[in-house]
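> A single structure is presented below for examination.
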């Protein structure tokens, strides 16, 4: 009888399948983690953009208030003025398109609420983007009305 020559240096089919299955499981976990991190990055970028736009609007209004002595609200339009300059800035809120314009230039988009209200010697402003909580602040004129 001839001895059987067994070559045990190769891999069996079961070993190869085990490596493929383990590799596939690892790839599923890695892909899941990468997808979640990309989605989170997109969400944070959107939130940061909304916060930046709302801060920018408040900064512009503060700057215009420093130059003016009064404001008039007429519907969705707000005008800041002085006796010498009756039109320092005009803010309009377009509810249908969710836009705020300043002197007919878009300064913020995706805005749900923009509500400047008169208070003694100033303005109370509420601004809310579509995806964030509202921001309320009070601004006061430097000089009397």
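> Out of 11, 65, 27, report the one residue that is in a helix (DSSP H, G or I) and more than 29 Å from the chain's Cα centre (by Cα).
Details: 11 fails: in a helix (DSSP H, G or I); 65 fails: more than 29 Å from the chain's Cα centre (by Cα).
Every option except 27 fails the conditions.
> Scan (1) touching a strand residue (DSSP E or B) at 6+ places or on another chain (Cβ under 9 Å); (2) free of Cβ contacts under 8 Å to residues at least 12 places away in the same chain; (3) within 23 Å of residue 128 (Cα to Cα) for the single condition residue 87 breaks and write down its number.
Looking at each condition in turn, residue 87 falls short on (3).
Residues are listed down the side, and each one gets a yes or a no for (1) in contact with a strand residue (DSSP E or B) (Cβ under 6 Å, 6 or more places away or on another chain); (2) surrounded by 10 or more Cβ atoms within 10 Å (Cβ to Cβ):
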residue: 9; (1), (2): no, no
residue: 17; (1), (2): no, yes
residue: 26; (1), (2): no, yes
residue: 31; (1), (2): no, yes
residue: 36; (1), (2): no, yes
residue: 43; (1), (2): no, yes
residue: 46; (1), (2): no, yes
residue: 49; (1), (2): no, yes
residue: 53; (1), (2): yes, yes
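> I've got another one for you. Any idea how many residues of the range 20-74 are free of Cβ contacts under 8 Å to residues at least 24 places away in the same chain and under 30 Å from residue 86 (Cα atoms)? Steps first, please.
Restricting attention to the range 20-74, the residues satisfying the condition of being free of Cβ contacts under 8 Å to residues at least 24 places away in the same chain are 20-45, 48-49, 52, 55, 59, 63, 67, 72, 74.
If we keep only those that are under 30 Å from residue 86 (Cα atoms) as well, we get 52, 55, 59, 63, 67, 72, 74.
Final tally of qualifying residues: 7.
> Got at least one residue in the range 51-67 being farther than 21 Å from residue 136 by Cβ, out of contact with any helix residue (DSSP H, G or I) (no Cβ under 9 Å at 6 or more places or on another chain) and modelled with pLDDT of 85 or more?
In the first step, residues of the range 51-67 are kept if they are farther than 21 Å from residue 136 by Cβ; the result is 67.
Next, only the ones that are out of contact with any helix residue (DSSP H, G or I) (no Cβ under 9 Å at 6 or more places or on another chain) stay: 67.
Narrowing further to those that are modelled with pLDDT of 85 or more: 67.
Yes, the range 51-67 contains at least one residue that is farther than 21 Å from residue 136 by Cβ, out of contact with any helix residue (DSSP H, G or I) (no Cβ under 9 Å at 6 or more places or on another chain) and modelled with pLDDT of 85 or more.
> Could you tell me whether any residue of the range 69-77 is closer than 20 Å to residue 138 by Cα, surrounded by fewer than 13 Cβ atoms within 10 Å (Cβ to Cβ), at pLDDT below 95 and in contact with a strand residue (DSSP E or B) (Cβ under 7 Å, 6 or more places away or on another chain)? Spell out the reasoning first.
If we filter the range 69-77 for residues that are closer than 20 Å to residue 138 by Cα, which is where we start, we get 69-77.
Next, from what is left, pick out any that are surrounded by fewer than 13 Cβ atoms within 10 Å (Cβ to Cβ): 72, 74-75, 77.
Now drop any that are not at pLDDT below 95, which leaves 72, 74-75, 77.
From the residues that got through so far, the ones that are in contact with a strand residue (DSSP E or B) (Cβ under 7 Å, 6 or more places away or on another chain) too are 72, 77.
Within the range 69-77, one or more residues are closer than 20 Å to residue 138 by Cα, surrounded by fewer than 13 Cβ atoms within 10 Å (Cβ to Cβ), at pLDDT below 95 and in contact with a strand residue (DSSP E or B) (Cβ under 7 Å, 6 or more places away or on another chain).
> If I ask for residues that are within 19 Å of residue 66 (Cα to Cα) and loosely packed, with under 15 Cβ neighbours inside 10 Å, which ones from the range 100-116 would you list?
103
> Pull up the range 79-99, narrow it to residues that are in contact with a helix residue (DSSP H, G or I) (Cβ under 6 Å, 6 or more places away or on another chain) and not in a loop (DSSP other than H, G, I, E, B), then point me to the one that is nearest to residue 66 (Cα to Cα).
My answer is 80.
> Inside the range 124-142, can you point out the residues that are in a strand (DSSP E or B), crowded, with 16+ Cβ neighbours inside 10 Å and touching a helix residue (DSSP H, G or I) at 6+ places or on another chain (Cβ under 7 Å)?
Within the range 124-142, the first condition is being in a strand (DSSP E or B), and the residues that meet it are 124-129, 135-140.
Retained after the next criterion (residues that are crowded, with 16+ Cβ neighbours inside 10 Å): 125, 127-129, 135, 139.
Result: 125, 127, 129, 135, 139.
The values are calculated or read from the model by the stated rules, or taken from the named source; none is laboratory data. Just so we're clear, the structure is a prediction, and the values are computed from it rather than from any experiment. No Cβ is skipped: glycine too gets one built from the backbone with ideal geometry, and neighbour counts run over all protein chains shown.
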